[in-house]
1. From the list Asp389, Asp363, pick out the single residue that is within 19 Å of Glu448 (Cβ to Cβ), surrounded by fewer than 20 Cβ atoms within 10 Å (Cβ to Cβ) and either within 21 Å of the chain's Cα centre (by Cα) or among the hydroxyl-bearing types (Ser, Thr, Tyr) (or both).
2. Name the residue that is farthest from Asp439 (Cα to Cα), counting only residues in the range 392-421 that are open to solvent by less than 30 Å² (accessible area, probe 1.4 Å) and of a type in the set (Gly, Ala, Ser).
3. For the range 86-134: of the residues being modelled with pLDDT under 95 and small (Gly, Ala, Ser), which is least open to solvent (accessible area, probe 1.4 Å)?
4. Pairs under 6 Å by beta carbon, first residue closer than 10 Å to Gly492 by Cβ in the range 372-398, partner among the basic types (Lys, Arg) and open to solvent by less than 30 Å² (accessible area, probe 1.4 Å), six or more apart or different chains?
5. Report yes if Tyr142 is aromatic (Phe, Trp, Tyr) and either over 29 Å from Trp274 (Cβ atoms) or in contact with a Gly (Cβ under 7 Å, 6 or more places away or on another chain) (or both), otherwise no.
6. Looking at the range 446-472, which of its residues are buried (at least 20 other Cβ atoms within 10 Å of the Cβ) and either in a helix (DSSP H, G or I) or of a type in the set (Asp, Glu) (or both)?
7. Look at the range 370-407 and say how many of its residues are farther than 21 Å from Thr469 by Cα and outside any helix (DSSP H, G or I).
8. I'm trying to understand the selection: among the residues of the range 444-490, which are in contact with a Ser or Thr (Cβ under 8 Å, 6 or more places away or on another chain) and small (Gly, Ala, Ser)?
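The values are calculated or read from the model by the stated rules, or taken from the named source; none is laboratory data. What you are looking at is a predicted structure, and each value in this text was computed from that prediction instead of being measured. Here Cβ is always computed from backbone atoms with ideal geometry, including for glycine, and neighbour counts include all displayed protein chains. Protein only, heavy atoms only, side chains kept; ligands, DNA and RNA dropped before computing areas. Shrake-Rupley method; radii C 1.70, N 1.55, O 1.52, S 1.80 Å.
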Amino acid sequence: MYSRLALIFSLIIAQIVILYFFILKLNENFEIYLGSSLVLSFSFVIYLINCKGKNEYKISWMLPLILFPLFGIAAYLLYHTNLSSLNMKKNLAEVKKLTAHYHKNPEEAEEILQKYPDAQGIGRYLIKNGHFYPHDENEITYLKNGEECYPRLFEDIKNAKKFVFLEFFIIHIDESWQHLVDLLSQKAAEGVEVRITFDAFGSMLISSRSYQKYLESKGLKCLNFSPMTAFFSTRMNHRDHRKIIVIDGDIAYTGGLNIANQYFNYGENRFEYWKDNAVRIKGSACQNLTTLFLQTWNIYTKKDDDYQSYLFESKIKSQQKGLIIPYGDDAFNNEDIAENIYYYMIENSKKYLYITSPYVILDNHMLESLIFAVKRGVSVNLIVPSKPDHLITFCVGKTYLKTLMENGANIFLYDKGFIHAKTFISDDKYASVGSVNLDYRSFFHHFECGALIHNSPVISDIKKDFEETLRDCTRMTPTNYKKLPLRYRFWGRVFRIAAPLI
């Protein structure tokens, strides 16, 4: 309802009505309308071509700009000059400056990177462009599904002494959430500070004011990210898609799991089985995720937070080898951090790439990078859902999967239920687990997060889970693509031109 696609289609319909009015009622002035439309279209297309950005994004805007210039230009300007989005961008930039002072100094970070020569490039990039610092001597545990994650999380929260921070795109009011609310309210009564950030679109029921009052009566502080309004605002296009839990600054979780019965395979759900994952981090790397949480929290609160009480570096040390860099991305940093991490792993791969993602809607650079990896002799393997979660994204995604398959990538369709995990693994050297899908929304529009892991034994656990998941998959072939309903293939081709706007 609040997407750019809906806005553009609404304005196109309005312009068709105006065009109809010109043709039927104002025949003598139709040449003026046509001429001015041509000048407007040509002028704005020149401007758009010279702007910074992805070519696919520009092409998606060009169609409405050329055919319906008046409202196409209005939609473009509305999206790029919206005051609400500009205020969010300004507030976020201010909070980032405040939190940047609580991390390692450059010398400490460089000392850690010196131990991992292969990761120095991406490490320095993340420090410079996001203040995401490298950490080692952390205990990293891979949790291959919700059934493993939920009881471990419950136990960690039970042992909380100072604070518990939760940030999720989706929180459903069901048994899983209610058990967690009961525990969190108990901890709040014990003096533990509990803060919960939830996205207003993904968590519509919990974002109601009455339910927030209920949570506040339990001693839980709430933040409703980007609240829904009756009036159009392009701020609504930027959602908080992160999944973060931080406990006492010593333990943190991130991955693909939201909070609802289906994610933990509890009770009856839409899909027979929900395949997801997460990583549990114990040690100093939690600081990166605490920073991301506080940055999101303080976009709206406009209060001076006691950052020093939360952004300390955990003293817990582990003998586990390996580097970990928890990272984040957002719509306003002018830097495609999440996508660049994936590029780095693709371009540095020599043997294999293992990828899981529920959605695959790629820009040409990402598509060509994966195809080039195949041509270099890299075994590129993707596990994706066999059944649709969101129909249009499913249909469009199939067209990209078909292109990858035709160029030698191995595409596996998950048949056991729905796969929601967002995972990259490369050559036993790198892995990324987080909230980042292989699509435009995750790369360019949403607030996202993840953990980049290098030379850690936990990578073998992530790899093992991928290979075990293959047992529940069917390999995609030209034959089973052709067996898709014709309407699926048709809508996939039609909407592909608007892929950056979906």
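1. Asp389
2. Taking the candidates together, the pick is Gly417.
3. Only one residue fits best here, namely Ala109.
4. Short answer, once both residue conditions are applied: none.
5. Taking the combined requirement at face value, the residue does not satisfy it.
6. Listed by number, the residues that qualify are Glu448, Val458, Ile459, Ile462, Asp465, Phe466, Thr469.
7. Residues in the range 370-407 being farther than 21 Å from Thr469 by Cα and outside any helix (DSSP H, G or I): 4 in total.
8. Within the range 444-490, Gly450, Ala451 meet the criteria.
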